[in-house]
Amino acid sequence: MATPLTDPRAARDAVLARVRSALKLTGDRGAARAAAEAYLAARAQGPRPRIDGDLTERFVLRAGHMASTVERLADRSAVPQAVARYLDALQLPPALAAQQSRAGVCWPEFAALDWAGAGLAIEARPTQGDDRLGITGCYCAIAETGTLVVLSGPDTPTATTLLPDTHIAVLAPDRIVAGMEDAFALIRRERGAVPRAINMISGPSRTGDIEQTIVLGAHGPFRVHILLVG
Amino acid sequence: MQVSSMKFKATAHVKLHDARLQENLAKLKPKFVNARRNSLSEVDDFEATRAAGKAIRDRALDNLDVWLEIFERNAAARGATVLFAENPADVNALVLEIAARHAVRKIVKVKSMVSEESALDHAIEAAGLQVVETDLGEYILQINDYEAPSHIVGPVLHKSKDEVADLFAKAHGTPRKTGVEELCREARQVLRQHYLTADMGVSGGNFFVAETGSVVLVTNEGNATLSTTLPKVHVAISGIEKIVPTLEDVATLMRLLPRSATGQSISNYVDIYTGPKGEGEHHGAEHMYFIVVDSGRTGILGSEVREALRCIRCGACMNHCPVYQNVGGHSYGWVYPGPIGSILTPMYVGLEQAQELPAASTLCNQCGVVCPVMIPLPDLQRKLREQAFSRGLRPWYERAALKAWSFVALRPGLYALATRIGVRVMKLVAGRDGRIHRLPIGAGWTDGRDLAAPAGRTFRELYRARGAR
Ligand code: SF4
């Protein structure tokens, strides 16, 4: 570690003291601390929209609203062929034709699939930034909003969802939960602590900054395709 | 950022006659306003959700010291460094110190209003480092010599694509593009290189989560995700008021924020970052810093406009404001425009420098009705108007007029007489079409429109006549 930062303690104490004086709080804050800890432990939820019917159906509907596309597959071995079909079916203007490239990267969990058999050149490595196609899994998904939830980790390089022109995500229907609260509960239950990054992705990267005209592929993928497997 | 809020009237006057701006502003209504309304029905009980959002923000503010301590403890436990900034200068100094510590040369930046308060980009450049804004709108402003943003969600709402096309051709040295899509693709290519070569990402923070010591970043472009995932250092800067207790609270607020901002049910990228990257991870920052900023927030916390600190920066209040819709964001003269800006600006830069802002409101309460965290914006504007009056900041003629009016209003007989004369004179002046085209002491009003003349008798006269019938 290099240079220490200038006296971070003094600014901290000054700000906290000003907060207390602004709130006219003096003396022991023990009761307030206990109340805060109790609130954290209670994990109270706000009002939630009712989600009728099947979570998968709702997920597919909402993912579509966010401009993701979804295809259902019977099992994992069908993934490479489905990816190839998806790429072939893309109708891109000549300026974007390079995006139809059959080369790309995937997360290690998909390394053993028969990519070559489907005419694809997929390497199981984290993306470096110039890959056209990124194939990932996801931790779970949220039916309410059609959202993919990706958690960071050694085997789940998060930028692979983001840097390639096309992001294809493989999702198991039994990992679809109703709302964001349920995704957080699942993370706490299965992982204990939150990972470095929770990336909640709902469709391709978009911007409306110029004349409020929506354009896809602002910085991240131009398209997100979800393969529901199982 | 330079404050020019005292020039509100003059700037607003110019903006009202800016045809291009008026055309762009006219699109606000069909886009943002209608999209918001249509998205509300998806949440079964939007009003109950608003109430819950308000409660979450109030809970944090009521014991802010405790929540800040919990946030600090949990963030530190995950290996992040939590720093506090007392004022804008501290923010800039801390960012530069962190940059020096990690030998940073290039910084990619995610839109952050807090960093606009301290003009962080200028400080970074003055220190000889490179900074690139990555939000498309902010990038456009940056290459236009740091033009000021005019909206907190759509910073270049005031610009047409032709203006952007000229700017890109000049800044990138490329043939001029004409379509919005081509322009976006060109920006994508330029910015992609910066993401891949930057040493540090600087972001704001939509929320700081006390429970986990995390920052929540919300974007549609994905630029926050790239800026905080690829460089080796991530610095998240936000105000002390941005604390929320739990992840459940984030879930509730995320039902409100995107709907209120753009009418989306969810933003495309919602990221929650906690600490530096772990063992074996390929992507992610190796060093994570939080800068928690006061810069006048404790002043608001202890004031009668405390409720303004609940703000989650959705922009709905300005989208729905008849004044904003006509004069645009630049007239407000500082970082935050619209109704929320009319509270925050005077509180941060001093009422004497911005007293025109709370006055520039019809108090119609459209903003208060749409605010997702139920900030009573017109009430707060009224409180600041009172302060401006009682501190003697209003001009002498306004104070004299109010004094004269209160003298008369407290004497019912005199009031009846004065109004009886007044309405008759006005009717006479108006002539046949019943409209007054010029008021000698109210030219500010009649320059832009006619004043409908009174009917010739006062309300009390009419009422009495009606009762007699
Ligand atoms: S004051 Fe309310 S409506 Fe305005 S930006 Fe803040 S949260 Fe949104």
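What follows is calculated from the coordinates using simple rules that are stated; it is not laboratory data. Note that the coordinates shown come from a computational prediction; the quantities given were computed from them, not determined experimentally. Cβ atoms come from the backbone with ideal geometry, glycine included; neighbour counts cover every protein chain shown.
Laid out as a table, the results:
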quantity	calculated
Charge dipole (debye, nearest 20) of the protein assembly as shown; +1 at Cβ of Lys and Arg, -1 at Cβ of Asp and Glu	3400 debye
Compactness of the protein assembly as shown - radius of gyration and Dmax, Cα, Å	27.6, 97
Separation of alpha-carbon centers, the range B:37-60 and the range B:215-246, rounded to whole Å	23 Å
Cα-based equivalent ellipsoid, the range A:1-131: semi-axes from gyration tensor eigenvalues, Å	51, 26, 16
Convex hull volume per residue for the range B:386-464, taking Cα atoms only, in Å³	121 Å³
Whichever aspartates and glutamates have a C-alpha closer than 12 Å to that of B:K277, once near sequence neighbours (fewer than 8 apart) are set aside	B:E286
Normalised contact order of the range B:43-295, rounded percent, pairs of Cα under 8 Å and 6 or more residues apart	29 percent
Dipole axis of the range A:1-78 (+1 Lys, Arg; -1 Asp, Glu on Cβ), positive-most option in A:M66, A:S77, A:S21	A:S21
Peptide A:34-46, shielding by other chains (average Cβ, 10 Å cutoff)	6
Antiparallel bridges, percent of DSSP beta bridges restricted to the protein assembly as shown (to nearest 5)	35 percent
Virtual spin-label span in nm between A:E71 and B:A103, 7 Å along Cα→Cβ	4.7 nm
Antiparallel %, DSSP beta bridges [both residues in the range A:55-229], to 5	25 percent
Centroid-to-centroid separation of the range B:1-25 and the range A:167-184 [C-alpha atoms, Å]	46 Å
Estimated dipole of chain B in Debye, rounded to 20 [Cβ of Lys and Arg +1, of Asp and Glu -1, Cα centre]	2920 debye
Dipole moment magnitude, nearest 20 debye, the range B:396-468 about Cα centre, only Lys, Arg, Asp, Glu C-beta charged	320 debye
Sorted by Cβ neighbour density within 10 Å, fewest at the top, the residues A:L120, B:L451	B:L451, A:L120
Average other protein chain Cβ within 10 Å of Cβ, residues B:283-289	4
Computed over the range B:196-262, Cα set: Rg, Dmax in Å	12.7, 36
Under-5 Å amide H pairs with A:I122, H placed in peptide plane, nonlocal only	A:G104
Cα gyration tensor shape of the range A:93-230, rounded if a/c is under 1.5, else prolate or oblate by comparing a/b with b/c	oblate
Charge-dipole axis of chain B as Lys and Arg at +1 and Asp and Glu at -1 on Cβ define it, positive-most pick from B:T458, B:G328, B:V153	B:T458
Alpha carbon convex hull of the range B:43-295, projected area averaged over orientations, nm²	14.0 nm²
Sparse-neighbourhood loop sites, trypsin sites (Lys or Arg not before Pro) in the range B:306-408 - DSSP loop, at most 12 other Cβ within 10 angstrom	B:R391
A:T26-B:D145 pseudo-label distance in nm [points 7 Å out on the Cα-to-Cβ vector]	5.4 nm
Against the rule of thumb 2.2 N^0.38 Å, how large the Cα Rg of chain A comes out	1.29
Calculated FRET efficiency for the pair B:E42/B:A416, C-beta based, R₀ 51 Å, to 0.05	0.40
The range B:68-152 pair-distance distribution - Cα-Cα, 5 Å bins, rounded %	3, 12, 22, 21, 19, 13, 7, 3, 0
Cross-link pairs beyond the 25 Å C-alpha cut-off, checked among B:K15/B:K242; B:K27/B:K383; B:K109/B:K170; B:K15/B:K161; A:K24/B:K383	B:K15/B:K242; B:K27/B:K383
Convex hull (Cα only) mean projected area of chain B, reported in nm² to one decimal	27.1 nm²
Candidates per trypsin sites (Lys or Arg not before Pro) in the range A:49-89, loop by DSSP, up to 16 other Cβ within 10 Å	A:R50
Beta bridges by DSSP in chain B, antiparallel share as percent, to the nearest 5	30 percent
Peptide-level mean, for B:138-148, of C-beta atoms on other protein chains within 10 Å	0
Where no second cysteine Cβ lies under 4.7 Å, the cysteines concerned in the protein assembly as shown	A:C106, A:C138, A:C140, B:C184, B:C311, B:C314, B:C321, B:C364, B:C371
Cα-projected label distance for B:T446 with A:A35, points at 7 Å along beta-carbon direction, nm	5.8 nm
Distance from the range B:168-193 to the range A:95-138 (C-alpha centre basis), Å	27 Å
